[in-house]
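Below: one structure, written as structure tokens.
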Amino acid sequence: MPRILQLPHHVVTKIAAGEVIERPASVVKELVENAIDAGATRIDIELEQGGIERICVVDDGCGIAAEDLPLAFSSHATSKLASADDLFRISTMGFRGEALASIGSVARVLLQSCPLDQAHGAEISCEGGTLGEIRPWNGAPGTRMDVRHLFFNVPVRKKFLKSIATELGHTCEMITRLALAHPGRHFHLRHNGKLVYDIPATAGVPERIGLFFGGDIREALYPLDTGHADIRLVGYIADPRCDRGNAKLQYLFLNGRWFRDRSLGHALQEAYRGLLMTGRYAIGFLDLTMPPELVDVNVHPTKAEVRFRDASLVYSLVRSSVKSRLLQANLIPRLEVPASASAPGAIGETASPRSEVPEPQTLFTMQAPRRESTPSLLPSAVMIQPPERPAASRSQYELPQAPPSMPTQPAHPQPVAETPVPGPSEPVMPPADLPTPEPVPEDSRPDAADLGELPIPTPGTALQVHDAYLVLETPEGMLVIDQHALHERILYEQLRRRIRDGKLEVQRLLIPEPVELPAEHAALVLEFAPALADLGLEVSDFGGGTILLSSYPTLLSRRPPHEIFASVVDHLVTQDRAPTKEALLDHLLATMACKAAVKAGDRLNPEEIAYLLHLRAFAEDSHHCPHGRPTSLLFSRQELDRQFRRI
Ligand code: ADP
Ligand code: MG
């Protein structure tokens with residue numbers, strides 16, 4: 001029978017080290033955090049061979065007294081925690097007293113330190129867990145940690161290290177997190193003698209974001225500062241046009257420490273829902289501050305994960321704060337012609353224009369919308385109070401409400417069939433009730449004669465081009481609206497709002513419509529019957545792969561019910577399962593809105609155009625369709641003047 005033996009101390013430490021020290025970046029993290037805890041204002045990091053050969057961290061913090069030097073390397077020795085209760089009030093980066101013991105057991109370390117209030121310092125070595133003598137050291141006040149030959153005595157772990165470039169990459173990422181969380185400190189990183197980062201204390205968070213991720217992102221940041229009770233959320237989120245193919249640029253900090261949290265990443269993505277294409281990720285730097293007792297940071301060896309006392313509260317705070325910040329922003333993409341394309345001779349003066357003219361994507365670049373100082377193009381929802389609709393028109397079985405006389409509808413405004421009454425931010429006004437634009441006297445139209453027969457839109461109206469786009473004059477310039485994308489967004493928001501408020505009106509079919517489907521699709525549809533009912537689509541089984549559709553949302557009555565239903569079925573059978581019911585409903589809403597909206601190619605009459613533009617002013621986000629494509633592009637007056645060389 002095998003005997004039970006107590007493991008020797010050095011083995012225990014090595015096992016513990018395995019949890020904390022995985023690679024050079026982990027050493028850098030622990031040493032820099034110690035420097036921050038010591039109150040350092042400047043931290044110099046020097047690496048050789050990605051840190052595998054040598055890591056040296058020098059700080060100007062409070063230093064360590066000579067007699068405490070051996071203690072720094074003993075496990076569970078810390079100056080930051082005195083009692084178990086303190087564990088729940090942690091405000092320092094470190095508190096376990098494990099890092100130096102771990103590093104000392106798997107590398108050759110020289111610790112040199114001089115307390116701020118003393119003339120001389122001292123040094124001690126620790127090699128593979130063996131402490132050396134305390135000797136005098138005549139360095140500057142602060143602490144210097146020189147770590148060589150990481151894992152020299154744990155060859156298995158050394159084998160797991162990756163290339164120098166990869167290890168350096170991990171360390172840079174670590175320093176990025178630390179530098180973003182501690183904007184008041186100077187960070188300096190050199191690798192093999194070459195400067196990698198020099199980030200002065202004066203560089204605040206946006207400057208640091210610019211340094212690490214580029215000026216474009218820095219220019220596209222929206223600051224955030226909100227909170228709830230004792231929890232504060234500050235940070236920066238980037239304009240949706242700066243999206244990414246992965247979530248790497250989503251940084252979360254809690255009480256000054258980087259952490260990872262899938263759920264909060266999800267909250268951030270949710271806030272951007274409808275502004276990003278599928279598979280694209282938002283950029284955000286979010287910093288939460290809360291009393292230490294509201295969160296347990298002691299659930300992960302390197303404190304990379306935390307446990308909130310009220311996780312759902314933090315989730316909602318992040319989602320709603322980011323979302324409302326995005327709504328405040330004027331998110332109309334601007335079209336600008338890059339300087340190279342507008343240089344004389346760039347277009348049209350070449351021998352073979354067809355091959356030389358840049359593709360539209362390269363000719364135009366999306367520019368960040370101007371923020372804050374720029375007035376919104378159209379009145380926002382809160383500023384417009386749509387007139388109360390007379391109660392008499394609210395009958396459940398009247399004709400459905402839709403932008404009246406959209407192509408498949410009769411040309412006259414329809415009575416509104418919505419019950420119950422929509423919220424104040426939701427207009428249901430048919431065009432007939434809209435204030436008619438002031439007719440512009442013929443002679444006051446500028447240069448009308450010069451332009452010959454070209455139609456000039458009167459103020460407040462738009463010109464439809466290619467039966468797909470609406471071109472509109474605005475105080476800022478010329479706005480081009482994608483009629484389908486805009487209508488899709490409007491329908492999507494109306495549906496979503498009504499479903500959320502339990503006020504979705506459905507039209508019952510007198511005779512349920514049979515829809516034949518492959519058996520497995522029919523089974524899938526029936527599985528989702530409750531979710532579909534929430535969307536106003538009532539389905540039941542007729543047997544033999546036939547589904548009976550007995551109702552549909554009134555709002556979508558521009559298209560035949562079976563077409564809407566078919567698009568929903570398509571979505572159900574081709575998409576991966578949505579992670580939550582909410583996400584599924586949202587995808588289906590977007591699908592239905594897309595199906596029911598006017599299309600490119602649909603000719604709109606002036607009434608319909610006016611109506612669409614009217615609804616645009618009430619949309620929560622009129623700038624993007626539910627799939628994240630822009631609904632409008634602005635050609636600024638300045639850009640037009642520039643292109644025509646007026647300025
Ligand atoms: P912890 O940070 O969890 O306390 P460490 O093993 O990282 O544990 O460090 C042990 C102790 O050594 C710290 O509590 C601190 O008192 C001291 N120490 C480590 N690094 C520094 C430093 N750069 N400056 C001042 N004191 C330090
Ligand atoms: Mg520490």
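The values are calculated or read from the model by the stated rules, or taken from the named source; none is laboratory data. Since the model is a prediction, treat every value here as computed from it, not as a measurement. Here Cβ is always computed from backbone atoms with ideal geometry, including for glycine, and neighbour counts include all displayed protein chains. Side chains are part of the model used for accessible areas, which takes the heavy atoms of the whole protein and leaves out ligands, DNA and RNA. Shrake-Rupley method; radii C 1.70, N 1.55, O 1.52, S 1.80 Å.
Of note:
- Residue check for E453: surrounded by 16 or more Cβ atoms within 10 Å (Cβ to Cβ), at pLDDT below 90 and either charged (D, E, K, R) or touching a Ser or Thr at 6+ places or on another chain (Cβ under 6 Å) (or both): no
Rundown of residues vs (1) open to solvent by less than 50 Å² (accessible area, probe 1.4 Å); (2) modelled with pLDDT of 80 or more; (3) part of a helix (DSSP H, G or I), yes/no style:
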residue: F253; (1), (2), (3): yes, yes, no
residue: L276; (1), (2), (3): yes, yes, no
residue: H300; (1), (2), (3): yes, yes, no
residue: L313; (1), (2), (3): no, yes, yes
residue: K323; (1), (2), (3): no, yes, yes
residue: I332; (1), (2), (3): yes, no, no
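- Residues (open to solvent by 20 Å² or more (accessible area, probe 1.4 Å) and either closer than 22 Å to R307 by Cβ or among the polar types (S, T, N, Q) (or both)) located in the stretch 201-233: T202, T226, G227, H228, A229, D230, R232
- Scanning the stretch 523-548 for residues that are open to solvent by 20 Å² or more (accessible area, probe 1.4 Å), touching a helix residue (DSSP H, G or I) at 6+ places or on another chain (Cβ under 6 Å) and in a strand (DSSP E or B) yields V539, D541.
- Of the strands (runs of 3 or more DSSP E) lying entirely inside the stretch 114-216, those containing at least 3 residues that are closer than 27 Å to W258 by Cβ span 142-148, 186-191, 194-199.
- Top-ranked residue of the stretch 549-577 - restricted to ones that are within 33 Å of the chain's Cα centre (by Cα) and without any contact (Cβ under 8 Å) to a residue 24 or more places away in the chain, ranked as surrounded by the most Cβ atoms within 10 Å (Cβ to Cβ): H571
- Candidate set: the stretch 105-151, residues that are at positive phi and small (G, A, S); chosen: the one nearest to ligand 1 (Cβ to nearest atom): G142
- Among the residues of this structure, E30 counts as one that is closer than 25 Å to N153 by Cβ, within 11 Å of ligand 1 (Cβ to nearest atom) and among the acidic types (D, E).
- Among (1) in contact with a Gly (Cβ under 7 Å, 6 or more places away or on another chain); (2) away from ligand 2 (no atom under 16 Å from the Cβ), the one test that L7 misses: (1)
- Selection of first residues in the stretch 503-529 that are aromatic (F, W, Y) and of second residues that are surrounded by 11 or more Cβ atoms within 10 Å (Cβ to Cβ) and modelled with pLDDT under 90, restricted to Cβ pairs under 8 Å at least 6 apart or on distinct chains, gives the following pairs, ordered by first then second residue: F528/L572; F528/L584.
- Filtered residue count, the stretch 108-132, keeping only those that are of a type in the set (G, A, S) and either under 47 Å from the mean Cα position of the chain (by Cα) or closer than 22 Å to F152 by Cα (or both): 5
- Taking the conditions (1) open to solvent by less than 70 Å² (accessible area, probe 1.4 Å); (2) away from ligand 2 (no atom under 16 Å from the Cβ); (3) farther than 19 Å from I45 by Cα; (4) at pLDDT 90 or above in turn, L150 satisfies each one other than (3).
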